[in-house]
Structures are given as C-alpha cells and as structure tokens.
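Quick notes on the structure that follows.
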Amino acid sequence: MSRTVAGILVDVLEQIGVRHIFGLIGDSLNPLADEIKKSKIEWIGVRHEEGAALAAAGQAKLTGKLAVCAGTTGPGSTHLVAGLYEAARDHAPVLALSGDMPRQMHGTDFIQTTEPGLLFRDVALYTEAISTAGQAPAVIHRAIAAAYSGPGVAHLTLPQDVLGLTAEHAVPSVATLIPRAEFVPNDTDVTDLVKRIDAASKIVIMAGAGARGTADLLSALSDRLKAPLIHSVRGKEILPYSDQRWMGGIGMIGTKPVYQAVQDCDLFLMVGTDYPYSNFLPQKPVVVQIDERAEVLGRRAPTVLGVAGSARPTLKLVLDRVAAKSDSRFFDHVSEGRRKWDAMLDKQADPTRSKDIIHPQAVARTVSNLAHPEATFVLDTGLNTLWSANWIRQSGKHRIIGSFNNAAVGTALGHANGIQALDRSRQVIALTGDGGFNMLMGEFMTAVHHKLPIKVIIYNNSALGLITLEAESIGLVPFKSAIEFPNPDFAALARACGAAGFTAKNPSELEGAISQALKAEGPAIVDVVVPANEMPNMPHVDITQAGHYAIAKIKEALASVRGS
C-alpha cells in the first residue's frame, strides 16, 4: 500500500525500534508530526533544538541504537548542529531530520533560507535532501545505514511539500539497518601481540569505551598477566570501583600511581580507547593498541603494534594464548599507590572536613553513596567533571555518560532527558556546574513537561571554575569579571517549574538535600553552594606548568592588595 514520504519514514523508524523523536514542531514538520501521531513513537517536545540533539545523543551513547532528533526550517536546523557534535565526536548513531521550505521557494532568498547540505556537512557522515517521492526510500535507508556504519550522525533535509507526496515503495532492506557487528582481528596481529605480551614483565592495560562489555575478559587477563587495569573516563563504568584490579583513571581525571605506572611499564595495552591527551601516555615505544577503528591506531603515542578488531573477540583470542605470569611485584606496587591515593580522596570527600564549607568532592561522593546501584550518572563539562569523575565510586552496573570527546559545556540536561525517556523508572542523575546548567536551563522544563524524573545536582560556585584553572596553568591572572556571574535560586527555579527543589549551603544540609531529591517522584534540583577556589588534585604537573601556577597565584595576590 502506498504511503506518504513522511509515512514511510516514520514506519521504518518504528520498525527498527526508535521510541522517541526529540524536537520542536514547526510548519515544515507538520506532515511528519501527523504521521508520528498515528505511530507508537513518542514525540518529546524540547525547549531548544540543541536540547533535542543532546537528548538523542544521550540515548545513542547509552544504547548504541539509533536515536532521532528534528528541527524545522532555517534556525530550527542551525540550533540542532551544536548538539549533534556530541553524537559525532562520541560515535553515537543519530539521525537528524530538518524540515525545509517547499521546493518552489528554493533559490529565492526566502525567509529562513539556509543551505542544509553545507550546514550539516562537517557534523554528519551523510547529509541529503529528499527532493522526490521516488528517491525517498533509498535515501532514508542510506541515511540510517550511514549512522550505524560510522557510527555517527546522518542528516536528512525534508521539504514540506515532499513529505506529503505519495511514495510507491517502502524503505527497502530494513533487516540490514542494525548496529555494526563485532569483528575478529587478523591472526598474524594476534600472534604478534601475544609474543609482545609474553616478552614483557611490567604490563598496564588501559580500557576505554570500546571495551564496554568485556569486564570478565579484562579481569581474567589482569589476573593472568599480573597487570594493573586502568581506564579512560568513558571506560570508568566497566568495572566497579571496589575491584582491586581497577586502579583508576589517567590524566586530570586520574591518579598519580596510575600515571607513574604508565610511564614505568614496558608494555602498555590500549583496548578500545583513543585517549587524546598524549602527554599522559608513554613516549617510549611500548604501546600496543586494539581498536575497531583502524584509523585511530597509533595516532596518540608511539605505537609498536596496532590491532584492528573488536575488543571482545580480540581479548578472548589473546587470553587463550598468552602465558601466565607469576611475578606480581609491579601490580603490588601500583596497588599500594592506589590505596594511599584512595585514602587521600576519602579525606577530601569527608563532609565534616570543614565546618561551614561544602567541598565539591563531598558532593560527588555523597551522590555516589546515595545513588541506586544501577543509576545513570550524566556529567557536564568543566571543573565539575573532575569532581564527579574522580569521586564517584561506580558499582559496575552504573552507567556514566558525558561530553567526553566534544567537551561541550551545557550538555548534561539534554543527555539526561534523552536517557530518562527510555526508562522513566531508572534513576538518572545529572551532575553539572552552574555555568553548564545556565546554558540550557530551559531543558529542565522539558523534563517537567514530559514527566522525566531526572535529578539535577548543581555545583554552584558562581563562576566558570575550569577557566580559572586554565588561565593559571599558563601563568595568567584569571579574568574574574568575565568568569564570575550571579545565579538565580536554583531550588526556587525548580519549584517555579513545578518540580522539587532543595538547597545545601553547609555540610549538615548536604546528605539530606540529596537524599530528598533522589526520593522525589518527579524531576528535582539540588542547589549545592561550593567554593570557587577549590583546587583539584594534579596527578602530574611538569616543572613549567608548576611555575605558571605559582606565577599566577603571586599575580593574583598582588592584584588583591592593589585592589585591581
């Protein structure tokens, strides 16, 4: 039976399991909306199209399955683009739909004119306009296939008049529109990898997001090789914090013992990670890397072997072949360093270490202690990322989502809404700085409107904290009049939106406020006032950078005395 172009698009999305479309409705999308109303797909009306793209990205990052967002002609589409970089940079399959003016208006400089093909070209693996009904089935198929094959963003431009045209055929080959399968590496590469492992005595294994689902194999390999396991921030969730093999992260979201182990090892095995901060990786030729994406092999550190393959089958082949090691001195040394580092973290997270100041470390640890063991933590970007990622103690069943490759401020609310829509009974906790929350605070109303019971924890220091740190790291006095800002009463804002709001201004209020928020039936905000001058731990600072911090602090002190 023939259907409209809008109808066959909605039909195929429903067939492949898409449950939501996030967007703002507009005239060019009305034919699409009419078909969505007849389907089982839920329309989530956002307050800003960037929030729609972020919500879709959050879903896709969590599940690896296609998520969909939509914006209308012109500005509605341009607003989508910023949020779509989240899916693009974190390799999450998202289909972006942008409405467009009727074809007869093209080329006339009509109101809201844009060139969507150019606009989306940088962020999308595939971007195409559907200009005829006959073209539609094949183009829709190709867009979804491109999003999955990346994975990443695909984009379709939908002129209003084309959406209403009758298509004679449905989208073909729907069975092929699935996430890409794992693949086994070349046997020669596996043999070479095993030889290198057998010859090494001090091995460190680093796991990233590409190693998700391999906790059993990583643990077994660590035991076999007496090798410490470390992780990128995207890989933190793979194993529980309490696992004694799981030594911690690397870089600013990491530990000093891990950094030292990475520099001291004679084989550094990177599994499913394209960790970008090369200054924390070995600069000597000890790196071997396993990744599904051949193009990322060897681009971050001097690499002696790159193995193109999926983490699970590759680790299984390696585990079946490598010889067991008996010398645990390197592992034990790293473990002892971890115990000392953990003790320091515990002291810093103790709510009672100051009588009238809530330290941000205590906020993250309290949230971690009170959260459901299968909660999803959604982290925003900024200094708050360091507090959350370093002090949350994951259960092994927690999920941790954030803007880890795009590093965009203001993403947490949108991500959280998308994730919460998948399961309104799951606990979803967004941890954000006040700067990030202010950027897209309207998306909290999206949560209220659609009964998405997200819990938002705001580190309220009335400043862009990470910008201060970045200025000091190069010896500059922070531009305080540009960094500091006033905030509304976030708890009162939550209540004005029809949600629950709580405030904590001193340590005695912290646990109660967070506990009440987590128990609230609907969306909730906890406004936690923290100091702006709290310094994070520095797992590794070189002499030049240490000098810059010292110079900046001296300059700040002099400026304070002079009143400038």
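The values are calculated or read from the model by the stated rules, or taken from the named source; none is laboratory data. Please read these numbers as outputs of a predicted model, since none were measured by experiment. Glycine also receives a Cβ, built like all others from the backbone with ideal geometry; neighbour counts cover every protein chain displayed. Just the protein is used for accessible areas: all its heavy atoms, side chains included, with ligands, DNA and RNA removed. Shrake-Rupley method; radii C 1.70, N 1.55, O 1.52, S 1.80 Å.
Data table
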{"item": "Within the stretch 78-100, considering residues that are touching a helix residue (DSSP H, G or I) at 6+ places or on another chain (Cβ under 6 Å) and in a helix (DSSP H, G or I), the one farthest from residue 149 (Cα to Cα)", "result": "79"}
{"item": "Selection count where residues are at pLDDT below 95 and under 24 Å from residue 170 (Cα atoms), scope the stretch 111-128", "result": "0"}
{"item": "Residue list for the stretch 133-148, restricted to those being open to solvent by less than 30 Å² (accessible area, probe 1.4 Å) and under 26 Å from the mean Cα position of the chain (by Cα)", "result": "143, 144, 146, 147, 148"}
{"item": "Exclusive hit being modelled with pLDDT of 85 or more, closer than 30 Å to residue 416 by Cβ and assigned to a loop (DSSP other than H, G, I, E, B), set 517, 532", "result": "532"}
{"item": "Cross-chain or 6+ apart pairs with Cβ under 7 Å, the stretch 311-325 first and closer than 16 Å to residue 203 by Cβ, then open to solvent by 30 Å² or more (accessible area, probe 1.4 Å) and assigned to a loop (DSSP other than H, G, I, E, B)", "result": "325/226"}
{"item": "Test: residue in the stretch 149-166 that is out of contact with any strand residue (DSSP E or B) (no Cβ under 9 Å at 6 or more places or on another chain), within 15 Å of residue 68 (Cα to Cα) and open to solvent by less than 40 Å² (accessible area, probe 1.4 Å)", "result": "no"}
{"item": "When residues of the stretch 268-292 are limited to those that are over 18 Å from residue 249 (Cα atoms) and touching a strand residue (DSSP E or B) at 6+ places or on another chain (Cβ under 8 Å), the one most open to solvent (accessible area, probe 1.4 Å)", "result": "285"}
{"item": "Number of the condition not met by residue 476 [criteria: (1) farther than 23 Å from residue 434 by Cα; (2) of a type outside the set (D, E, K, R); (3) modelled with pLDDT under 70]", "result": "(3)"}
{"item": "Residue, modelled with the lowest pLDDT, within the stretch 486-511, restricted to residues that are closer than 24 Å to residue 361 by Cα and in a loop (DSSP other than H, G, I, E, B)", "result": "486"}
{"item": "Residue check, residue 454 closer than 30 Å to residue 40 by Cβ and in contact with a strand residue (DSSP E or B) (Cβ under 6 Å, 6 or more places away or on another chain)", "result": "yes"}
{"item": "Any chance residue 426 is outside any helix (DSSP H, G or I), touching a residue at least 60 places away in the same chain (Cβ under 8 Å) and open to solvent by 30 Å² or more (accessible area, probe 1.4 Å)", "result": "no"}
{"item": "Residues of the stretch 212-248 that turn out to be small (Gly, Ala, Ser), crowded, with 24+ Cβ neighbours inside 10 Å and within 29 Å of residue 406 (Cβ to Cβ), as a count", "result": "3"}
{"item": "Candidates 382, 435, 414, 396, filtered to the one that is of a type in the set (Gly, Ala, Ser), closer than 17 Å to residue 92 by Cα and touching a residue at least 40 places away in the same chain (Cβ under 8 Å)", "result": "414"}
{"item": "Matching residues in the stretch 293-304 - criterion: being loosely packed, with under 13 Cβ neighbours inside 10 Å and not acidic (Asp, Glu)", "result": "293, 294, 299"}
{"item": "Entirely in the stretch 1-73, the strands (runs of 3 or more DSSP E) that have 3 or more residues that are open to solvent by 60 Å² or more (accessible area, probe 1.4 Å), among the aromatic types (Phe, Trp, Tyr) and out of contact with any Leu (no Cβ under 6 Å at 6 or more places or on another chain)", "result": "none"}
{"item": "Unique residue being surrounded by fewer than 18 Cβ atoms within 10 Å (Cβ to Cβ) and at pLDDT 95 or above when the list is 390, 405, 369, 417", "result": "369"}
